[in-house]
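What follows is a set of notes on a single structure, which appears directly below.
The values are calculated or read from the model by the stated rules, or taken from the named source; none is laboratory data. This one's a predicted model, so the numbers in the text were calculated from it and none came from an experiment. Don't worry about glycine lacking a Cβ; one is built from the backbone with ideal geometry, like all the others, and counts go over all protein chains shown. Ligands, DNA and RNA are stripped out before the accessible areas are found, and what is left, the full protein with its side chains, is counted by its heavy atoms. Shrake-Rupley method; radii C 1.70, N 1.55, O 1.52, S 1.80 Å.
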Amino acid sequence: MLATPSRSALLDALAWQVEVGATDAISDHPLDRYALPDRAPWLPAQATPTAPAGRQAPAREAAPPLPPAPPAPPAPNVDAVAEAEAAAGAAQTLEDLRAAMEAFPHCPLRQGARQLVFADGRPGSRAMIVGEAPGREEDEKGLPFVGRAGRLLDAMFAPVGLSRTAPDPERALYITNILPWRPPQNRDPKPDEIAMMKPFLARHVELAQPDLLIAMGNISCQALLGRRGITRLRGTWTEALGLPCLPMFHPAYLLRNPAAKREAWADVLEVAARLESP
Ligand code: URA
């Protein structure tokens with residue numbers, strides 16, 4: 001029988017996990033992968049083999065409750081984009097839309113994420129920012145752009161009086177992402193993931209009713225404009241989902257390339273000027 005590991009052995013095991021790069025627990029409950037089920041799961045109940053007399057296994061403690069089961073895996077022949085269009089189109093309010101996204105089973109990213117990250121700021125703001133996907137802190141808090149990149153985003157718009165907490169829709173920002181679930185290891189979203197979540201984004205924009213969009217970074221440009229190449233695209237107004245749209249460098253890019261902040265500042269001024277104009 002395995003001895004219960006000591007506290008210091010558990011701490012050493014945890015330190016090792018951190019050292020090899022584990023950043024998240026994938027479940028809230030420990031799972032004993034060595035525990036044997038009472039019967040092989042592939043056998044029908046009546047076929048459960050019994051241990052020969054004298055070789056009965058010792059009684060086990062009741063297993064801890066399992067974490068909630070993940071949503072059923074998508075059926076193989078489902079048209080996920082068509083299902084997303086139907087679910088998004090039926091949403092009459094932002095709360096409906098959030099619920100429809102929570103119930104949408106087809107995006108594989110949801111399996112690895114802690115929660116759906118829907119939006120932050122004030123719906124009805126004139127400016128709506130569309131980022132890429134939640135990172136670790138966003139996944140923990142359930143809000144977009146709350147990590148380092150988010151703090152830079154707030155700091156970029158504050159000098160022109162725009163913020164996600166402003167009560168006045170003229171000065172407020174509304175913020176969401178192309179994808180509402182954190183991709184594993186923050187990898188780039190795949191084209192099929194973007195395609196199946198885009199109908200929800202389009203409905204999100206319709207329901208939030210901004211006057212203009214700000215596409216943050218390449219993934220956002222890919223999803224909204226069908227084009228990448230943020231260095232060329234940034235700073236020039238274009239159109240997405242029927243609205244004026246300004247591509248900008250993603251704040252995470254600016255953290256890695258501070259020299260690009262000069263252009264990002266020019267783009268912030270451009271947004272502010274557009275909002276000032278009648
Ligand atoms: N990067 C994004 O694109 N979105 C977030 O919410 C956080 C980081």
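Tabulated data for the structure shown
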quantity: ALA91 vs. criteria within 14 Å of ARG203 (Cβ to Cβ) and either exposed (fewer than 15 other Cβ atoms within 10 Å of the Cβ) or within 16 Å of the ligand (Cβ to nearest atom) (or both); calculated: no
quantity: Matching residues in the stretch 94-106 - criterion: being open to solvent by less than 60 Å² (accessible area, probe 1.4 Å), closer than 28 Å to ASP168 by Cα and without any contact (Cβ under 8 Å) to a residue 60 or more places away in the chain; calculated: ALA99
quantity: Breaking point among (1) free of Cβ contacts under 8 Å to residues at least 40 places away in the same chain; (2) buried (at least 22 other Cβ atoms within 10 Å of the Cβ); (3) closer than 18 Å to ASP192 by Cα, for PRO144; calculated: (3)
quantity: Matching residues, the stretch 251-263, being touching a Gly at 6+ places or on another chain (Cβ under 9 Å) and more than 12 Å from THR231 (Cβ to Cβ); calculated: PRO251, ALA252
quantity: Residue satisfying condition, being more than 21 Å from the chain's Cα centre (by Cα) and open to solvent by 30 Å² or more (accessible area, probe 1.4 Å), within set ALA195, ALA158, ALA166, ALA172; calculated: ALA158
quantity: Members of the stretch 152-193 found to be within 11 Å of the ligand (Cβ to nearest atom) and of a type in the set (Lys, Arg), listed by number; calculated: ARG182
quantity: LEU97 vs. criteria touching a helix residue (DSSP H, G or I) at 6+ places or on another chain (Cβ under 8 Å), assigned to a helix (DSSP H, G or I) and hydrophobic (A, V, I, L, M, F, W, C); calculated: yes
quantity: Top-ranked residue in the stretch 107-119 [being of a type outside the set (A, V, I, L, M) and open to solvent by less than 20 Å² (accessible area, probe 1.4 Å); ranked as nearest to the ligand (Cβ to nearest atom)]; calculated: PHE118
quantity: Filtered residues of the stretch 201-221 (kept if under 17 Å from the mean Cα position of the chain (by Cα), open to solvent by 10 Å² or more (accessible area, probe 1.4 Å) and more than 22 Å from ALA86 (Cβ to Cβ)); calculated: ASN218
quantity: Some residue of the stretch 120-129 being under 20 Å from the mean Cα position of the chain (by Cα), within 16 Å of the ligand (Cβ to nearest atom), buried (at least 17 other Cβ atoms within 10 Å of the Cβ) and at positive phi; calculated: yes
quantity: Looking only at the stretch 244-267, and only at residues there that are in contact with a helix residue (DSSP H, G or I) (Cβ under 7 Å, 6 or more places away or on another chain) and assigned to a loop (DSSP other than H, G, I, E, B), the one that is surrounded by the most Cβ atoms within 10 Å (Cβ to Cβ); calculated: HIS250
quantity: Verdict on LEU241 being more than 24 Å from LEU152 (Cα to Cα) and either open to solvent by 50 Å² or more (accessible area, probe 1.4 Å) or within 16 Å of the ligand (Cβ to nearest atom) (or both); calculated: yes
